[in-house]
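Notes follow the structure.
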Amino acid sequence: MSLKNKGRTRTRSVIFKVLSWAFGIPLALIAIAVLACVWLHATADLGEPEFVPSQVPVVQVNDSLRRWGSSSLRIDPDGLYEMRVCGGPFERGEAIGKLGEDLLYQQEKAFADKLFEMVPSSRYRAFLHYFITIFNRRMGASVPLEYRQEIKAMSASCTHEFDEFGSPYERQMQYHSAHDIGHVMQDYMLVGCTSFAVWGRESADSSLLMARNFDFYMGEEFAKNKLVLFEKPDSGYAYVSVTWPGMLGVVSGMNTQGLAVTINASKLEVPSSSATPISILVKFILQYASNIEEAETIAASFKTFVCESILVGSANDGRAVIIEKTPSAMGIYSPEGDYASSRMTAASSGGASAVTRIICTNHYQSDRFRDDPVNVENIRVSDSGYRYRRVQQLLDSLGSIDYLKAAAVLRDIRGVDGEDVGYCNDLSINQMLAMHSVIFKPAEKKIWVSTSPWQFGKFVCFDLDEVFGEEGLSTRSVRGDGLSDSAAHFTGVPGQATHSGSRNLSSAEESVHVASVDVDQRTCGAGSASHLGCTLVGDSEFSDDEMSIPADKFLETEAFRNVLKFKAMQQTLATASKSRREVPADSLALFVSWNPSYYGTYVSVASYLEKKKKKAEADEYYRRALTCPMKLSERQHLETQLRGR
C-alpha cells in the first residue's frame, strides 16, 4: 500500500474515532438515562397493604340514605353528601368505598375528562403518568400506614376503567398528591385560596371564628359532589372533613377538640422528589392534635411535598396561627410576631392578645420566609397580596365579625376599594369557582358548609357534638404535660407513628326506623360488619337549619344569570378553538356584554380569533384585556405576547 493510501486510511480512522466519540458518548448517556428511568419506574413503591374486602352488602334504606354496618351516607335536602364512618383504617376505607362507589366513579370520571381536556395528547398523558410515577416512587414511605390502609380499602370499590393510569390503589394514592402537583406544575393557578380568622375584640362574641374559600379548580363536574365526611377513628380524635368523593386527605376540617385547619398553596421552592402530601399531614394533625402546639409538633415531624400555608385555629388556645411549610423548612406566623413569645404574652395577659385577626392567601408571612426574594416577587406579581388587602378592608369595615359577616367576606366579588374587576377574576375573594367554602366556630364545634353554586348557596350548619355525641370527644389519653400521647410518641418517620390510649368507641343513640326498613341495628352478626366496633348517633340529619346561612340574593339577579351564560359560552369558545366551528360575531359581542370588566373575557375571544388565524382582531381584544384589572404577571404575559408579534 502506498504512503498516500496509508495516510488516507489513517485519516479515515481518526475521523471514525472522533465521530464515534462525538455520537457514541451522548447516545450512551441517553441509553443510561433511559435505563435509569425504566429502573426508577419499575421500582416505584407506593407501599400497598394487603386487604381482603368483606362480604357485607350496602343497605339502601331509601333514596337518600345508605348504610353499611355502623356507617352511613345520605344526601341532604340542600345537595350535600353527609358520610359518617368509624372504626379502624380498613373499616373506614371500606365503608367510604362501598357507600360511595358510584360517587367515586363520577369523581374519577370528572377528573379524567378534565385531564383529557387539558392534555389531549395520549402520548403526553402517558409521559405525565410515567413522570409522576417516578416522582412519587417513594410516596408509600411518606404516607402513614394507617392512611395507606384506608386508601387501599376504599380503592377496592374503584373502577378499572382508568387502569391506564395505574391500579385503583395506585391512582388513589397519586390523586392525594393532585393538590400538590397542581400548584407545582401550574404555578398554583389551580389553587388560589383565601382564608382568615378573628378572635377577641374582632369577633362578635370574642371567641375564635375561621373562614375559608377552597379554590382548587378541576371543572364544574369535579366540584359538583360536595362531601361532608365525619370520621370517628379507633385512635385519636373524631373530626369532620369538607372534601369530595375519594379524597381521604383533609383540606378543610375540624376535630372534636375544636382544632380547625385549612391549607393555602404558597410559592418558594420546587420539590425534587415526593414527600408527604399536605392533605395527609392535615389529616394527621386533625386526628392527633388538640391545640396549636401539638399541631406544630406534628407538622415539624413531616417532610412535605410542596410549599403550603396551614391555618390552624384552636378553641383550647382561643386564637390562630399559620404553619408555613416548604419541602426543606418550616416557619410559624403569628400576627403578634414570634409564636413562642406570643404564647408567653397571651399567657401572661390571661389569654388576651393585642392582635386578634389573621389573614392567609397564597404567600408567606413568617420571619423565616417573608423576605425571601421568591416570596417578595410572588407578592408583587400574583393576586395573593391583592386579595389579602381586600380581606383587610372588609374586616376593617364590617366591625366585629360573626358567622354571617364571615360569609359576606367569602362571597365578596369586588376588588380593593370596591373596584369592579368583573366576575370570575382571580383578584376577587370570590372567584366563582370554589369547590367549597367553610366557616368554623371551634369553641362551639360548629361548622358551616357552602352549597352550590360556589359560595352563593346556603351554608348548612353542623354541630360536631351532636354528630359524634359526648363519647366521641376523645378516644385516647392526654399526658399531664398537655401533649397528647400520639403526638409525643410520633417518631418523625411517616408511617411509623405510634398511638396509645385508644379505646372502644360508643355513643348513646336512638332507634331509627326508616321506610319500613329496620335500621335499629348498629352491628351485625357473624360474617358481617360487627368488626367495626363503633357507633355514631343515628342516621337522622344533623344540620341545624336555624343556624344555617341563607343563599345570597345575588342568585336572584340578572347578573348571576349572565355569569352562568358567560361560563357556558367561555367553554364553547374553548371547544370551537380546537375545531372548525365558527362563532358568529354577534355571539362574541353578546359574550363580552355579559362580563365586560373581566380581562379574561377578552382573552377568551382573542384566543379563539387567534386559532382562526384572525391575528389583527385577536390583537385588538388582547389590547382591550389590558385595560382591565389583572394581576401583574398576567399583564406582563399579555404585553410580552403583543410585543412579540
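The values are calculated or read from the model by the stated rules, or taken from the named source; none is laboratory data. This is a predicted model, so every value here is computed, not measured. Cβ: placed from backbone, ideal geometry, glycine included. Neighbour counts: every protein chain shown. To get the accessible areas, we keep the full protein, side chains included, count just its heavy atoms, and leave off ligands, DNA and RNA. Shrake-Rupley method; radii C 1.70, N 1.55, O 1.52, S 1.80 Å.
Brief remarks on what is shown
- Candidate set from segment 595-645 (those that are open to solvent by 40 Å² or more (accessible area, probe 1.4 Å) and under 17 Å from Lys567 (Cα atoms)); member that is modelled with the lowest pLDDT: Ser607
- A single member of Gly253, Gly236, Gly258, Gly249 is surrounded by 24 or more Cβ atoms within 10 Å (Cβ to Cβ) and in contact with a Leu (Cβ under 6 Å, 6 or more places away or on another chain), and it is Gly253.
- Within segment 427-450, if we keep just the residues that are in a loop (DSSP other than H, G, I, E, B) and over 17 Å from the mean Cα position of the chain (by Cα), the residue that is nearest to Glu634 (Cα to Cα) turns out to be Leu427.
- Selection within segment 548-594: residues that are acidic (Asp, Glu) and either within 20 Å of Glu617 (Cβ to Cβ) or touching a Pro at 6+ places or on another chain (Cβ under 7 Å) (or both). The member of this set that is modelled with the highest pLDDT is Asp586.
- Residue in segment 402-432 that is surrounded by the fewest Cβ atoms within 10 Å (Cβ to Cβ), counting only those that are touching a Cys at 6+ places or on another chain (Cβ under 7 Å) and over 13 Å from Arg387 (Cβ atoms): Met432
- Annotation: Ile285 fulfils all but one of (1) closer than 21 Å to Cys360 by Cα; (2) open to solvent by less than 10 Å² (accessible area, probe 1.4 Å); (3) assigned to a loop (DSSP other than H, G, I, E, B); the unmet one is (3).
- Test: Gly482 is surrounded by fewer than 18 Cβ atoms within 10 Å (Cβ to Cβ) and at pLDDT below 90: yes
- Residue, modelled with the lowest pLDDT, within segment 337-378, restricted to residues that are surrounded by fewer than 19 Cβ atoms within 10 Å (Cβ to Cβ) and of a type in the set (Val, Ile, Thr): Thr345
- Residue list for segment 92-124, filter: of a type in the set (A, V, I, L, M, F, W, C) and in a helix (DSSP H, G or I): Ala95, Ile96, Leu99, Leu103, Leu104, Ala110, Phe111, Ala112, Leu115, Phe116, Met118
- Test for Lys441: is it of a type outside the set (S, T, N, Q), open to solvent by 30 Å² or more (accessible area, probe 1.4 Å) and touching a strand residue (DSSP E or B) at 6+ places or on another chain (Cβ under 7 Å): no
- The set of residues from segment 324-336 being small (Gly, Ala, Ser) and open to solvent by 10 Å² or more (accessible area, probe 1.4 Å) comprises Ser328, Ala329.
- Residues in segment 149-163 that are outside any loop (DSSP other than H, G, I, E, B), open to solvent by 10 Å² or more (accessible area, probe 1.4 Å) and farther than 13 Å from Glu108 by Cα: Gln149, Lys152.
- Residue ID - least open to solvent (accessible area, probe 1.4 Å), chosen from residues in segment 290-323 that are over 19 Å from Ser142 (Cα atoms) and part of a loop (DSSP other than H, G, I, E, B): Ser290
- Applying the condition of being surrounded by fewer than 19 Cβ atoms within 10 Å (Cβ to Cβ) and in contact (Cβ under 8 Å) with a residue 40 or more places away in the chain to segment 379-394 and asking which residue is nearest to Ser207 (Cα to Cα) yields Arg380.
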